[in-house]
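The values are calculated or read from the model by the stated rules, or taken from the named source; none is laboratory data. Quantities reported herein were computed from a predicted structural model and do not represent experimental measurements. Cβ placement follows ideal geometry from the backbone for every residue including glycine, while neighbour counts extend to all protein chains displayed.
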Amino acid sequence: MFAKEKGWQQWLPAFLVTVGLLFLFFAAFYLAGFFKPEKKPLTSETVQREEEAVVGPGTRIRREVRYACGDVLTGELNASDYSGMKVAQLARIFAVEGWKLVGEGEQLLLTRKEKGLCPLHAGYRHLGVKEGKIVVFAGPLGYEGELLQREDIPVDRLPARLQEMLQQAAEYHKQPEEVKKVLRRELEFSSEAALKTALENMDEYKNGSADR
């Protein structure tokens with residue numbers, strides 16, 4: 001009787017130690033994150049929950065820059081550089097430089113608006129009217145660019161057809177596409193040389209020149 005009781009008492013400390021070790025083992029795993037929910041790749045659902053969505057293996061990150069002239073330049077980032085990063089964190093990083101992040105299923109789109117002209121149109125010039133005389137503006141037609149130079153050419157001395165085109169150019173965005181094409185051909189210039197040639201052809205209409 002007494003021998004059996006003594007044997008049970010001998011096993012009790014070992015049992016308690018084993019239970020304690022198992023408890024510590026599972027607690028360590030939990031704190032290490034092994035039992036936390038696995039991060040899911042970006043999907044149409046997780047992108048709506050920005051705090052949970054992450055950049056996954058199948059994620060694409062596109063970017064668009066919209067310029068004042070209406071042109072859009074596109075590109076794509078290497079998504080692997082941001083793999084595992086939360087979408088919300090990515091948005092904050094790019095927001096510093098003026099980018100806006102939009103989720104599109106397994107795609108992310110970074111957009112930014114520029115006040116200036118795109119590289120193509122930065123050197124463009126177009127003719128307009130200011131105070132009844134011909135002037136030169138920076139940029140393509142339809143863009144309210146900087147006034148670069150004034151010409152001593154009264155609009156009312158120009159041929160009727162050219163006067164009509166200048167009036168149409170003042171409301172460029174309201175014109176049908178076929179009219180826009182004509183206006184671009186006659187009043188818009190992609191180089192200083194082309195602009196100079198057009199202005200030289202108008203020299204006869206300058207103040208002080210002989211009437212036509």
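Brief remarks on what is shown
- Counting only residues that are farther than 22 Å from D71 by Cα and assigned to a loop (DSSP other than H, G, I, E, B), the stretch 139-178 holds 2 of them.
- Among the conditions (1) over 21 Å from G132 (Cα atoms); (2) modelled with pLDDT under 95; (3) among the basic types (K, R), R212 misses just one, which is (1).
- Taking every residue in the stretch 58-82 that is closer than 18 Å to G103 by Cβ and pairing it with any residue that is β-branched (V, I, T) and part of a strand (DSSP E or B), at least 6 positions away or on another chain, the pairs with Cβ-Cβ distances below 6 Å are E64/V72; E64/T74; E64/T111; L77/I61; A79/I61.
- In the stretch 188-202, the residues that are more than 17 Å from P140 (Cβ to Cβ) reach residues that are among the acidic types (D, E) and surrounded by 14 or more Cβ atoms within 10 Å (Cβ to Cβ) with C-beta atoms within less than 9 angstrom, at least six apart or across chains, in these pairs: L199/E151; M202/E151.
- Filtered by the rule that a residue be of a type in the set (V, I, T) and crowded, with 16+ Cβ neighbours inside 10 Å, the stretch 68-110 gives a lone residue, V87.
- Within the stretch 87-106, residues that are farther than 17 Å from G58 by Cα reach partners that are of a type in the set (V, I, T) with beta carbons closer than 8 Å, at six or more positions or on different chains, in the pairs W99/T111; K100/T111; L101/V87.
- Every test in (1) among the hydrophobic types (A, V, I, L, M, F, W, C); (2) surrounded by fewer than 18 Cβ atoms within 10 Å (Cβ to Cβ); (3) not assigned by TED's automatic domain parsing to the domain that holds T197 is passed by V135 save one, and that test is (3).
- Odd one out for R63, checked against (1) modelled with pLDDT of 85 or more; (2) loosely packed, with under 14 Cβ neighbours inside 10 Å: (2)
- In the condition set (1) touching a strand residue (DSSP E or B) at 6+ places or on another chain (Cβ under 8 Å); (2) of a type outside the set (K, R); (3) at pLDDT 90 or above, E106 is compliant with all but (3).
- Selected residue (only one of V19, V87, V47 is modelled with pLDDT of 60 or more and of a type in the set (V, I, T)): V87
- For the stretch 131-160, residues that are in contact with a Cys (Cβ under 6 Å, 6 or more places away or on another chain) and free of Cβ contacts under 8 Å to residues at least 60 places away in the same chain total 0.
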